[in-house]
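Accompanying notes for the structure given below.
Bear in mind that the values in this text are calculations on the coordinates, not laboratory data. All values derive from a computational prediction rather than experimental measurement. Cβ atoms come from the backbone with ideal geometry, glycine included; neighbour counts cover every protein chain shown.
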Amino acid sequence: MPTSLHQQAIEHVGSRIVDGSFRPGEVILAAELETELGVSRSVIREAVRVLAAAGLVLSTKRVGIRVLPAQDWNPFDPLVIRWRLAGDGQGTQLRSLTELRVAVEPMAAELAAEHAPAEFCAELLSVAAQMRHAGRSGDLGSFLELDIRFHALVLAASGNEMFANLANPIGATLRGRTELGLMPERPHEEALAWHQAVADAISAGRPALARESMELIMRRTNEEICGVWAHQPRLFPLPRI
């Protein structure tokens, strides 16, 4: 099955669910998608499997593909994040993930300074040095990939598997900010220094300094983009226990 057809089907349906073109409760027929996209039933089946895993649809025999409401979506799924960033939910999506990062990443840095294995420390130092070089030289493509790698390493080095699994949604957010032009034209020198400080503190086993340096990064990030969501209402989904 060609990947391009698979991705085309996922994008076609998923993006339209997130932007509201397909409404909650609406039933989509696989046969109609096959005709519209000019693809086989197996392509549609695999695409629906991906969308169901993200909580966007429920496929039922003899009924069709039912669109689920937003409260059922997986808010940590990179596809959901990307589609929300591309639409009217951009501000709300950025706020939710930025607030999550502000809350979690300083704690992850503190734990990493207490528990990170030597190989994590070595790679963090290397990535921080490469980030500084890429940032100063204006190589924003390389800087983005290094930035994603840096934060994923810190989350994993915490030794907390739940923190580590936030790497993909955080990476999706960093990519989305870049694609939407919401990143500085060049990384601030202060931000480069703070990333180096996080790596140094983790490698030196200094939890308080690691947390403080990551807190500075996160607060700066929040200040840079909080205007995007200034007038967006907050979401209050009822908890399901």
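Annotations
- For ALA70, net neighbour charge (Lys/Arg +1, Asp/Glu -1) across residues whose Cβ lies under 13 Å away: -2
- In loop segments of the range 1-107 as defined by DSSP, the GluC sites (Glu not before Pro) with at most 16 further C-beta atoms inside 10 Å of their C-beta are GLU26.
- Neighbourhood net charge (9 Å Cβ-Cβ; Lys/Arg +1, Asp/Glu -1) for SER59: +4
- Straightening the chain between ASN74 and LYS61 buys 2.4 nm, computed as 0.36 nm per residue apart minus the Cα-Cα spacing.
- Neighbourhood charge, 12 Å Cβ-Cβ cut-off, centred on GLY20 and excluding it, Lys, Arg +1 and Asp, Glu -1: 0
- Dipole of the range 78-229, positive end: most advanced residue of VAL154, GLY138, MET107 [Cβ charges, Cα centre]: GLY138
- Rounded Å value of the spacing that divides the Cα centres of the range 10-45 and the range 210-241: 33
- Protection proxy ranking for 224-234, 79-89, 188-198, using the average of other Cβ atoms within 10 Å per residue and placing the highest first: 79-89, 188-198, 224-234.
- Using the Cβ-Cβ distance between GLU190 and ASP88 with R0 set to 25 Å, the FRET efficiency from 1/(1 + (r/R0)^6) comes to roughly 0.15.
- Using a cutoff of 8 angstrom between alpha carbon atoms and counting only pairs six or more residues apart, the relative contact order for the range 112-182 works out to 34 percent.
- Here the gap between CYS226 and LEU100, fully extended at 0.36 nm per residue and compared with their Cα-Cα distance, gives a gain of 44.0 nm.
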